[in-house]
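The values are calculated or read from the model by the stated rules, or taken from the named source; none is laboratory data. What you see is a predicted model; the values in this text were computed from it and never measured. Here the Cβ positions follow ideal geometry from the backbone for every residue, glycine too, while neighbour counts run over all protein chains shown.
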There are 2 protein chains.
Amino acid sequence: MQPVTVQKYWPKAVVAFLLIAALAMVVLMSCSKDEGGDGAEELSVTSGDAAAIAEARGLTPEDVTAALKTYTPTGVHDEYIMFASGGHSGQVYVIGLPSMRILKQIAVFTPEPWQGYGYGAEGSMEILADGAAGDNQLTWGDSHHPALSETGGDYDGQWLFINDKANARLATIDLRDFETKQIVKNPIVISDHGGSFVTPDTEWVIEGGQYAAPLGWEYSSLDNYADEYRGMVTIWKFDREAGRLDQDQSFAIELPPYWQDLCDAGKLVSEGWIFCNSFNTEMATGGVEDGNPPFEAGASQNDMDYMHVINLDKAIEVAQAGKTMDVNGFPVIPLDTAVEEGLLYFIPEPKSPHGVDVTPGGEYMVVSGKLDPHVTIYSFEKVQAAIAAGKWTTDDYGVPVLNLDDVMEAQVELGLGPLHTQFDDKGYAYTSLFLEPSVARWALGGPYADKNDDPEWSLVSKETVHYNVGHIATVEGDTVSPDGKYLVSLNKWAIDRFQNVGPLLPQNLQLIDISEPGDNLQLLYDMPIPDGEPHYAQIIKADKLNPWEVYPEVGWDPHTQSPSPYATLIGEERIERDGNNVEIFMTAIRSHFTPEHVEIQKGDHVVWHITNVEQTYDATHGFTIPVYNINLSIEPGETTTFEFDATDDGVFSYYCTEFCSALHLEMTGYMLIEP
Amino acid sequence: MQPVTVQKYWPKAVVAFLLIAALAMVVLMSCSKDEGGDGAEELSVTSGDAAAIAEARGLTPEDVTAALKTYTPTGVHDEYIMFASGGHSGQVYVIGLPSMRILKQIAVFTPEPWQGYGYGAEGSMEILADGAAGDNQLTWGDSHHPALSETGGDYDGQWLFINDKANARLATIDLRDFETKQIVKNPIVISDHGGSFVTPDTEWVIEGGQYAAPLGWEYSSLDNYADEYRGMVTIWKFDREAGRLDQDQSFAIELPPYWQDLCDAGKLVSEGWIFCNSFNTEMATGGVEDGNPPFEAGASQNDMDYMHVINLDKAIEVAQAGKTMDVNGFPVIPLDTAVEEGLLYFIPEPKSPHGVDVTPGGEYMVVSGKLDPHVTIYSFEKVQAAIAAGKWTTDDYGVPVLNLDDVMEAQVELGLGPLHTQFDDKGYAYTSLFLEPSVARWALGGPYADKNDDPEWSLVSKETVHYNVGHIATVEGDTVSPDGKYLVSLNKWAIDRFQNVGPLLPQNLQLIDISEPGDNLQLLYDMPIPDGEPHYAQIIKADKLNPWEVYPEVGWDPHTQSPSPYATLIGEERIERDGNNVEIFMTAIRSHFTPEHVEIQKGDHVVWHITNVEQTYDATHGFTIPVYNINLSIEPGETTTFEFDATDDGVFSYYCTEFCSALHLEMTGYMLIEP
């Protein structure tokens, strides 16, 4: 342990505290003895230790309260669950608050053998295959923005969506079993960023673009950038009953080749509208090697970029009326049509913004330009008024540009590198400041002004974070009713925070207590992320989640969430042969597979079904066949199918890979492949 | 939060404690005010909160001390680092103690995009290709036993080895950069378990077998089990200077078709010997579907299985003398030769044992049969005496079987399902009890007897764990000088410990304070494992690790740990063309790639080198090309090479996937592939 800067926090007062506390313990110990019994004895032993432990470990009084606010004893469950993207790990982290423990990493875009995702199990193989880009199998993703499904603007704990920025894909995760059920490839682009975000009842899932390219990513010279390169936003229909994004009811809107960034859906008063940031309205095309400004400079020239304000209800109407063009078989509302139909407007926003975030009541859109020290707050009401008044100029593509002064409600100067804003229940907003680095608390105005004692539209407080922070997440912070208890700062640089583990460092997620108003934020916990870079997160009350403990019945297919036609009960195990085709119906139960011998011929095609007939919570069995690169996770009740060609002859011991009982090592069988 | 059984821990004495503590705070607050200054003010605010927080969160006094023993404030580093296998995730977890935070997950057998492992980077692609089984690419492993390199029997913090049980492979990890450098496929088997374990100076790395098969896993009917199926132990030579296992100097020993299990190397007095458990000495072949006893029953008939005692020095001599047969090009000492040369002995051990563990001084081998309530302790000295006396019977294969009574030192009755034993510095051993479930502390005898007040060879204490525990790990517990501060219980069932995250549950690693002697173990922390099943772990003092912060020089190849011939400095960037072959030399620095345009033709073969020219700690850049399934992690100073065929034309935005600066989103470029 390296207590870096702790020593200075131990003034005489603290020593006095420890002495007094020790004295209190002595008094207490007599109390305890008066009480008698086990509890009292336990207390006398351990309470006396507390001060000594704190001193020995160099814990400051602040540390002690942080420890007590986060420590979660055995068997006690966390109050909130955070779903954080894993960045280029391609996965989703499930993290408990306030303990900041990772409870699960859900495999989404990247095959993961512990979950048996992408290692033979048919459902997962289909999902990953559906996510291919043409003939190109993709085995990872750059997962960015998780979006919990909502009902009435509140997280409902049923579904989770997440995008892959690297290849412009969306995934659907079922929160009944925390498994990915679907990956869709965006048919018209290979780069996204502004998604996923849901509408307040999860009828639509929004995916905004990022780096412009010709739609369909067809080849075209950069000389044609302004004419042929385009941005887009895609509006995916979510079929809640089927639990799938429905490509046949989805559509996109063609946008100018500015680089669209984050999006957010309107809510309550602004429901039916969506808002997307953009940057590189300069339409810089880079080329530092030829003496051009690099993108970082070329795309940072303008004082203002454009917030995209989209009338979603109108867009749906236009798309459903068939006023679309076809790109790779997918309907796209042309830019001209979007302008003509009055469903697209721009608003100037300073300067290379990253986040656009709608306040809980839907009244305001908050934008922070990362090269501007302010957050800028726009009034949805004023936007509507400006549109109604027909008061705008146009950009080069004819898109109406509203006047900043007509629609801006306020600006608050916060500091350097503001990126992303979240909200609480006390009338505060929180904005990450990448460059300082810190998280700023500031007071909202309007209907939020009387929720605290701070002046409206004013900076209240800053909390230093370690280190440079990208996104932040507050508990239930993207809903119509944020909770306001915790904030997590998703830091991008960790540097010296943890024991050195080589040149590639973990990220550092920091938990901050935001429950007290005013200048009273407390940093509680540093949490390393071991194998990914969380980009964005949403945090839900744990009691809104109600996942299954075991599958509803023995013989369940988790891919369809219905009984499997291949369900095999005890006594029904068999091996069927039809020429070179072999079909195996197997059961798994502590601690054996039936059958224990599988004898086949080289060249056979094998279809193999395994049913875990257990209904005991946590009685999962794994299954692997060496050399054939197969590994399954078969949870209680699940029926899994996989298939392979018997290309290699020999003796192969299949076995259970999940330590299930004292005789787990004996849960094995021989697959004999005759030459 | 669900405070399950906490209420009963709040007797009147505790309330009294809180009142007294509050009183102490009042006194303290006046002290604080006397002191003045920031530190004091901070104290008065927060210390007064501590008791209230504990009460509000339902923390017992035991919980409070556990919180204070484990909480690790921002910037404070952990004292110990645990390397835990990820089980069928195929990876290795790096975990800090006592905070129990996962600092990194090292990609080993499974491709992992955040680390850029297996997504194009040439070094990792070669490592994974070397791990193939014949023509079969393997993209996962069942990682089981990590082994830290040792010097003089102590962890030296330089290398880490781990096996893949599913396919019988070993990997080598370099602890200078925490990256996997090598995977070797065992040439003669496809199933291992008893490895990796190192000799006291890491000259040899041991890999014991598991499920018997004909050597080379050739087809043979189970009818020939006794004659043609075999076990084995493989002795890999480690070339420390090259940092690689050297297959050319390695060999195996043919063993009877009992299922070998864990192994351990002798140390100090027993250096030069190795010990492996076995089970299924019944040679059961299963077949429950045909009315045979299933393996779990068939392999559990005998009261005794056989510990394999191998004279390693003699085996090396025999192998180097060429007294070997050839299996798939690999030298194997035949079973007959092993017997003739006197390098292999058996000792009866009860009953289906899982662990064999050598005491820190090397005097004793401790075995626990999972179907026997005892641990059995064998004296190495007595084993030597019995061998010298030539006092043995033989098994069916002619292997000498020493007499149990001649070599047993003691038995200690512990409880149900003992599996694995670790040691401390106070003369205690610790054994996991899967079925109770708990961890038993018991007192060693002999030279360890005077290290504590407990009777030698006696059960001292048990700590209940949640729930069924497989392996355990104590700090520096496999060395000649264990530390004795912490023990981690690697539990296999978590059940109700955490918020439900669907039918597939995390594992639960529990931290236990073992620093006090006698009946005084304290459970400190429950740690969920989000995506793997740690099987075994080793824990090293953090200050023994000294990894690089950045690579030693700009243009470093981490695969060879030497300067790369493709190192590219600022100003040296270029694109070279030779017919259809294109070679790109690129640099990365905050916040741009040079070049920003790469124009190639469909059908080109592209070789692409990128040098991260930064030397700033944590200034890693990622790099991805959409659709082509490429993602790299380029740490400060690293030069990475990847190659691909330009099969798809179009416009592809490559970009940095690691959030590196405020203008990270602008760190991009266009790859244009002309049809």
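The table that follows gives values for the structure above.
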| item | result |
| --- | --- |
| Residue check, B:Ala107 more than 9 Å from every other protein chain (Cβ to nearest Cβ) and closer than 30 Å to B:Phe623 by Cβ | no |
| Residue that is surrounded by the fewest Cβ atoms within 10 Å (Cβ to Cβ) [pool: residues in region B:623-634 that are of a type outside the set (S, T, N, Q) and assigned to a strand (DSSP E or B)] | B:Ile630 |
| Leading residue by the ranking (surrounded by the fewest Cβ atoms within 10 Å (Cβ to Cβ)) among those in region A:481-527 that are away from chain B (no Cβ under 11 Å) and acidic (Asp, Glu) | A:Asp519 |
| Residue in region A:509-525 that is of a type in the set (Phe, Trp, Tyr), in a loop (DSSP other than H, G, I, E, B) and at pLDDT 95 or above present | no |
| Cβ-Cβ under 6 Å pairs, at least 6 apart or on other chains, region A:585-598 side facing chain B (nearest Cβ under 8 Å), far side hydroxyl-bearing (Ser, Thr, Tyr) and assigned to a loop (DSSP other than H, G, I, E, B) | A:Ser591/A:Ser661 |
| Which numbered condition B:Ala213 fails, given (1) farther than 25 Å from B:Trp140 by Cα; (2) buried (at least 19 other Cβ atoms within 10 Å of the Cβ) | (1) |
| Qualifying positions in region B:263-311 - assigned to a strand (DSSP E or B), out of contact with any Ser or Thr (no Cβ under 7 Å at 6 or more places or on another chain) and away from every other protein chain (no Cβ under 11 Å) | B:Cys263, B:Asp264, B:Trp273, B:Ile274, B:Phe275, B:Cys276, B:Ser278, B:Met307, B:Val309, B:Ile310, B:Asn311 |
| Selection count, region A:331-367, where residues are among the acidic types (Asp, Glu) and in contact with a Phe, Trp or Tyr (Cβ under 8 Å, 6 or more places away or on another chain) | 3 |
| Out of A:Lys314, A:Lys323, sole residue that is touching a Ser or Thr at 6+ places or on another chain (Cβ under 6 Å), surrounded by fewer than 19 Cβ atoms within 10 Å (Cβ to Cβ) and at pLDDT 95 or above | A:Lys323 |
| Flag for B:Asp531 being assigned to a loop (DSSP other than H, G, I, E, B), modelled with pLDDT of 95 or more and out of contact with any helix residue (DSSP H, G or I) (no Cβ under 7 Å at 6 or more places or on another chain) | yes |
| All positions within region B:342-361 that are modelled with pLDDT of 95 or more and not in a strand (DSSP E or B) | B:Gly342, B:Leu343, B:Thr359, B:Pro360, B:Gly361 |
| Within region B:312-341, tally of residues that are in a helix (DSSP H, G or I) and free of Cβ contacts under 8 Å to residues at least 40 places away in the same chain | 6 |
| Given (1) farther than 30 Å from B:Val480 by Cα; (2) more than 8 Å from chain A (Cβ to nearest Cβ); (3) surrounded by 23 or more Cβ atoms within 10 Å (Cβ to Cβ); (4) in contact (Cβ under 8 Å) with a residue 40 or more places away in the chain, number of the condition B:Ile539 does not satisfy | (1) |
| Candidate set from region B:544-577 (those that are within 13 Å of chain A (Cβ to nearest Cβ) and among the hydroxyl-bearing types (Ser, Thr, Tyr)); member that is nearest to B:Asp483 (Cα to Cα) | B:Tyr551 |
| Single residue of A:Gln301, A:Gln260 found to be closer than 29 Å to A:Ser149 by Cβ and not small (Gly, Ala, Ser) | A:Gln260 |
| Filtered residue count, region A:194-225, keeping only those that are modelled with pLDDT of 95 or more, outside any loop (DSSP other than H, G, I, E, B) and within 15 Å of A:Ile253 (Cα to Cα) | 9 |
| Enumeration of residues in region B:150-187 that are surrounded by fewer than 22 Cβ atoms within 10 Å (Cβ to Cβ) and hydroxyl-bearing (Ser, Thr, Tyr) | B:Thr151 |
| Residue within region B:316-333 that is within 11 Å of chain A (Cβ to nearest Cβ) and at positive phi present | no |
| Filter result for A:Glu516 (in contact with an Asp or Glu (Cβ under 8 Å, 6 or more places away or on another chain) and not aromatic (Phe, Trp, Tyr)) | no |
| B:Glu614 vs. criteria closer than 23 Å to A:His466 by Cα, at the interface with another protein chain (Cβ under 10 Å from one of its Cβ atoms), among the acidic types (Asp, Glu) and within 34 Å of the chain's Cα centre (by Cα) | no |
| Some residue of region A:108-116 being crowded, with 22+ Cβ neighbours inside 10 Å, free of Cβ contacts under 8 Å to residues at least 24 places away in the same chain, in a strand (DSSP E or B) and touching a Gly at 6+ places or on another chain (Cβ under 9 Å) | yes |
| Subset tally (residues that are in contact (Cβ under 8 Å) with a residue 60 or more places away in the chain and not in a strand (DSSP E or B)) for region A:647-661 | 3 |
| Unique match (being over 37 Å from the mean Cα position of the chain (by Cα), among the hydrophobic types (A, V, I, L, M, F, W, C) and under 22 Å from A:Tyr617 (Cα atoms)) among A:Leu663, A:Leu672 | A:Leu663 |
| Scope region B:635-649; condition crowded, with 22+ Cβ neighbours inside 10 Å and small (Gly, Ala, Ser); matching residues | B:Gly637 |
| Cβ-Cβ under 6 Å pairs, at least 6 apart or on other chains, region B:246-274 side farther than 24 Å from B:Tyr536 by Cβ and touching a residue at least 24 places away in the same chain (Cβ under 8 Å), far side charged (D, E, K, R) and outside any loop (DSSP other than H, G, I, E, B) | B:Glu254/B:Arg230; B:Pro257/B:Arg230 |
| Residues of region B:128-154 satisfying the condition of being more than 30 Å from B:Asp201 (Cβ to Cβ) and either in contact (Cβ under 8 Å) with a residue 24 or more places away in the chain or aliphatic (A, V, I, L, M) (or both) | B:Ala129, B:Ala132, B:Ala133, B:Leu138, B:Thr139, B:Trp140 |
| Meets criteria (touching a Gly at 6+ places or on another chain (Cβ under 7 Å) and of a type outside the set (Lys, Arg)) for B:Ser300 | no |
| Near pairs, Cβ below 6 angstrom, 6+ apart or cross-chain, from region B:182-195 (closer than 11 Å to B:Thr234 by Cβ) to any residue that is of a type in the set (Phe, Trp, Tyr) | B:Pro187/B:Phe330; B:Ile188/B:Phe330 |
| Verdict on A:Met232 being away from chain B (no Cβ under 11 Å) and either in a loop (DSSP other than H, G, I, E, B) or at pLDDT below 95 (or both) | no |
| Count - residues of region A:216-242 that are within 26 Å of the chain's Cα centre (by Cα), more than 19 Å from A:Val356 (Cα to Cα) and buried (at least 18 other Cβ atoms within 10 Å of the Cβ) | 2 |
